[in-house]
Structure formats: structure tokens, C-alpha cells
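Encoded as C-alpha cells, the structure appears first; notes follow it.
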Amino acid sequence: MARSKPIHTPLITPPPNGSVSTEIFPAMGEEAIFRMIRDFYGKLSESSIGHMFAADAEGLAAEAEKSGAFFVFLLGGPPLYQQRYGPPRMRQRHLAIEIDEAARQEWLRCFGDVLEDATERYNFPAEHLEGFIEFLVKFSAWMVNAE
Ligand code: HEM
């Protein structure tokens, strides 16, 4: 998808992963993290930013698989994303997609929906939810690249 607007750079530095506890991965395990991210992509596909993601189930599953590998590492697991796809460089990888503040809010809403019952569904440790959400809020601001 070609960009129609110039690249916008947020007036912030990339946030560190500091608030995400590495105890999350051992509690959840790989399978539950991938399942949580698949559910997240299901919500994204039905959201107001659904057009940004693959329209077919197979394509969407492939996208969720990539993101799942990233979240396995972020939550304290092995560096699956780096092993499979190379250095994360997340802001750079998102530059081809026009992400404005409204798109960020919708992305966060979808993640929020998934996290609402993540403790029961995916064994996400309740005490670490707040730090994870804090990270998502900050890191997603770094992904905004359009006014
Ligand atoms: C701010 C709102 C965001 C929007 C609208 C957005 C949207 C997208 C889209 C459309 C893609 C391409 C389809 C795909 O491969 O999934 C993508 C890729 C990806 N996103 Fe985001 N994203 C956002 C923020 C984030 C954040 C905060 C993270 C991590 C914490 C993240 C992690 C990823 C990963 C790991 C990929 C796969 C990259 C690749 O290897 O190609 N995204 N995102």
C-alpha cells in the first residue's frame, strides 16, 4: 500500500520494554501467547482498521503468526521473531502502513478487548497486566507515522 501522507515522527524516544515482566512467558507458554495474538488479529480484522490486515483467513493467520513470535519474545520467551524474521525494527517495518492516532487508538482498543479476559483464557498473570498495557500504550505511540 503506497503512502499518501508524509512520514510523521512522534516527539518521543522509543520506549524500553521495562514494564513487561519476563515472568509472563513461563506462566502462559508459547501456545497460549500465539492463541491470544490470533484472537487479537481476529478483532483487528473486524475493526475500523481491518482493511490494513489480510482479507483472507490464511493471510490473517500468517500475519498473526509473525506478531505472535514477536510477543513470545516480548513476554520473556525465546527470540522467535528474530530467529525467523530478523531484527524487529518495528517502527521501520510499520512505515509502509499509514498509522495515525485514530488507528493507534483502535489497535489499542482491540488489544484491550483481548486482554479483558486474558487471565482466564490464556493464563495471563493478572499482576502483570498493568505493566504490559503500559508498554503497549507507550510503544504504540512510537508506531504512529502519519498526522
Ligand atoms: C499503533 C497501532 C498499530 C497498527 C495500526 C499496526 C498495524 C500493523 C499492520 C497493518 C501490520 C502488517 C500486517 C501484519 O503483518 O500483521 C503490522 C505488523 C506488525 N505489527 Fe503492528 N501495528 C500497530 C502497533 C504495533 C505495536 C505497538 C506492536 C508491538 C508491540 C506491533 C507489532 C507488529 C508486528 C510484530 C508486526 C509484524 C511485522 C513484520 O514482521 O512484518 N504493532 N502492524
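Read-outs: derived from the displayed coordinates by stated rules, not from any lab. The shown structure was predicted, so the numbers you read here are calculated from the model rather than taken from an experiment. So basically every Cβ, Gly included, is an ideal-geometry build from the backbone, and we count neighbours across all protein chains shown.
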Inset, instruction - Check the straight Cα-Cα distances from LYS43 and name the lysines below 20 Å, setting aside those fewer than 8 residues away within the same chain. - result: LYS66
Legend entry - Full-extension gain in nm, GLU65 to ASN123, via 0.36 nm per residue minus C-alpha separation: 19.0 nm
Inset, instruction - Note the full-extension length gain between GLU101 and ALA55 as 0.36 nm times their separation in residues minus their Cα-Cα distance, in nm to one decimal. - result: 14.3 nm
Inset, instruction - Pop out the ³J(HN,Hα) list for the range 57-71 in order, Karplus 6.51 cos²θ - 1.76 cosθ + 1.60 with θ = phi - 60°, rounded to Hz; leave Gly and Pro as x. - result: 4, 5, x, 5, 5, 5, 5, 5, 5, 5, 5, x, 4, 5, 6
Legend entry - Mean separation of Cα contacts under 8 Å (6+ apart) over length of the chain, as relative contact order %: 42
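Once you have the Cα-Cα distance between ARG109 and LYS5, take 0.36 nm times their residue separation minus that, and quote the gain in nm to one decimal.
35.0 nm
Once every DSSP H run of n ≥ 4 in the chain is given -39500 (n - 2.57) and the sum is divided by its residues, what mean residue ellipticity at 222 nm do you get, rounded to the nearest 500 deg cm²/dmol? Don't skip to the end; give the middle numbers.
Numbers: 8 runs with 86 residues, N = 147.
For the chain, the value works out to -17500 deg cm²/dmol.
Could you state, as a whole-number percent, how many of the C-alpha pairs of the chain are farther apart than 25 Å?
Across the chain, Cα pairs with separations above 25 Å total 25 percent.
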Inset, instruction - Taking the chain as the reference, fit the longest principal axis to its C-alpha atoms, fit the long axis of helix 30-45 to the helix C-alpha atoms, and give the angle between the two in degrees, 0 to 90, nearest 10. - result: 30
Inset, instruction - At 7 Å along the Cα-to-beta-carbon direction for both ASN17 and GLU147, put a label point, then send me their distance in nm to one decimal. - result: 3.5
